[in-house]
Each structure stands twice: as C-alpha cells, then as structure tokens.
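Worksheet: the structure to be examined is printed underneath.
The values are calculated or read from the model by the stated rules, or taken from the named source; none is laboratory data. Quantities reported herein were computed from a predicted structural model and do not represent experimental measurements. Ideal geometry is used to build each Cβ from the backbone, glycine not excepted, and the neighbour counts take in all protein chains shown. The accessibility values were calculated without ligands, DNA or RNA, using every heavy atom of the protein model including side chains. Shrake-Rupley method; radii C 1.70, N 1.55, O 1.52, S 1.80 Å.
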Amino acid sequence: MYSQQEIDDAVASGVLSPSAASALRTYIEQQRTSAIPDEEQFRLLTGFNDIFVSIAAAIMLFAVGFIGQRIGQGTGLYIPDPGGDGPSFLAPLGVAAVSWGLALYFTARRRMALPSILLLLTFAFGVLAAAGMALTLVIGPDVLNNNPRAGGAIGAISAAIAGVATWLHWRRFCVPITVAVGAASVAGIAVGLLVAALGENAETAKNIILGFVLLLGIGVFLFAMWWDASDRARLTRRSDVAFWLHLLAAPMIVHPVFTLLGLNDGSGTIAEGFVVILLYVALGLTALAIDRRALLVSALAYVLWALADLFKRFGAVELNFALTALVIGSALLLLSAFWHQARVAIVKPLPEGLRDKLPLLDRNLPAEAAA
C-alpha cells in the first residue's frame, strides 16, 4: 500500500504527473469500502512494525540519555542540585543526536509514520532541554533563583534554538508534525520574552500570560486554517500538517479560556458551569465547520468537570460522574454518527467566501461542485 507521502515524492521526482497522482488518489478513495466524506485521515501507523520500532527506539533513547547523564556527572558538566548531582545537558543532547541519526533511516528511507513522529519529538525536546541546561550552566544556576527575567530569557533563547533545529529537521525529513513543533517553538519564544519583560511581576500577571497564550493559540489556529485551505479535499500531507497544528492550537485556546473562568482552582460557580457548556457547544459548531475534532477533544476534560459539578450541586452526588459520562459519551457518539449531516447543516448557510476556505463537504467531487 502506498502512502500519500510516497505519492507526493513520486510527483516531485517526475515519476508521476500531478494529474496521474490525482487520478490515483481519487480511484483509491472510491475503492475504500468505508469511505466517509468527513473522516480525518492521517498516517500514524503503516503496520505493527511501527510500534515495534517505536518501542525499540524509546528503549535505546532512554539508554542514551542515562549514559549521557552519567558522563556529564563524571566530567562535572551538570547543574548542581542541593540533593546531589543534578541534570546534565549531555543527556538530552545525546538523545537529540541519536534521534536525528535514527531518522536518517526510519524516516528518510523507510517512511515509517509512528517512529518518525517519536524521533521528531525526542529530537526537538532534546535540543530544547540541552540548550536550556547549557545556558543555565554558563550563566550559573544561582542567577535563576527568584529571577523570572533571566528564566524567561533562557526559555526564549532555548525555544529559538529548538525552532532552528526543527526547521532543519523539516528541510531534511518533512515530517508533518514538524510544523506544529516549530509553531510551538515560536510560541515559546514569545511567552519567554513576555515573562522576561514582566520580570518580577510575572508571578502576579498570570492572567496576562494566559491571555497572551490565548492570542498565540488563535494565531496557530489561523495558521492551521491556511494549511487546510490549501488542501480542501485533504489528499496531500498538507492536511496532516494542518491536523497537528489544530491539535496544538486547541489546548492553547481552550486552557486559557477555562482557566480564566476559574475552573482550575475550584472556584467556578453554577453560572460559569453553564458558560462552559455553552462554550463547548460553540467549539462543537466550530469543529463541525472546519471538520476538525481536536477542539472537542481538548475541551473534553473541562466540560466533564463542569457537568459533573452541576449534577453534584443539583443533588446527584453519588451518580454525578456516571451521569456526566453518560451525557457526554452519548452526545459525542451521536455527533460522530451524524457528523457529515451536521456539517452540511452548519456549512451550507455560510457565506460563499467563507465556504470556499473550508474543507469540502464531498471530497469525491471537484472543488467547484462540492462547494
């Protein structure tokens, strides 16, 4: 079975013409017995060997990190810890280096989906952690004590280094999740600079930081919609890139909103519980319009809490969680069963200019006919 990535590579190398590749995708789509117009399809597994390789890679990377930590402690290249030897930047640096090396085979040559995602994440987080630890070791750990300005600056610089490394990874391997990791790096730079600018006021200005994260989340969401608009039929890896961007944007939007409502500290009221439910309905309508379920999944924990609290306050103390799970589970299953019909009802009344930027209602038809 050929993946969308392999078809894209065949087009890029001239083996297939764009029209032949499009005809092949259309034929394969029509031959699928369970083809549903609004399924979100992205590559996570190409076979059980993906799981096997991912487990083996995780074990190897753990061993590399452990050995790097021991070497760092033996050479004094670690951040002193009051409880004993602290972390060494050699551990995440080794993990990042080995992740790149493994990607040269399992990503560049074998095109394995799950190992590619794992190796990209370990590479990016390895570079981020190594940069942060190395900078902390250079300026001295004591400088960071009660110094949000220095912590924010180190965080921003580390995120910038990780962002550059992620860009190089994208240039070499083009793994769809890489763009989302790069966007997260840019967001990390922005938040780090804001914390550095706030300085000692950072602890008391959490609402400002949350509001800023919300704005960044909206920016990532619009960036994801730009990728989605470039592949409305969701036939190329651009759709996979958009999927991961939506998965990043959803918690960046949902968490600040519900945190500012006081749900994380247990201070929410019954009125705010109803607001949470209304917001979840609004998120559901947005998810239907853009044909992305990530928004619903990201907000699920909050709406579960809100409904459980409402049932508890209305007297159903013993069954509050069970009733919540029953209501939410039934609603989501019903929505899943009638997702396409609900999308049609939501998208059809929208202005034509907006419809032309949303995923097609029927991807087996040309864009003009499906719109």
>> Please give the Cα centre distance for segment 45-110 versus segment 196-237, rounded to the nearest Å.
In response: 29 Å
>> Could you sort the peptides 323-329, 349-355 by per-residue average Cβ neighbour count (10 Å cutoff), highest mean leading?
In response: 323-329, 349-355
> Of the heavy-atom accessible surface of segment 76-233 (probe 1.4 angstrom), what whole percent is carbon and sulfur?
Replying inline: 70 percent
> Going highest first, how would you order 15-24, 152-161 by mean Cβ packing within 10 Å?
Replying inline: 152-161, 15-24
> Using the per-residue mean of other Cβ atoms lying within 10 Å as a proxy for protection, in what order, highest first, do the peptides 62-75, 332-345, 244-257 fall?
Replying inline: 244-257, 62-75, 332-345
> Could you give the dipole magnitude of segment 183-259 about its Cα centre, charging the beta-carbon of Lys and Arg +1 and that of Asp and Glu -1, in debye to the nearest 20?
Replying inline: 300 debye
> Which lysines, on any chain, are close to Lys348 with Cα under 25 Å apart, when same-chain ones fewer than 8 places away are left out?
Replying inline: Lys357
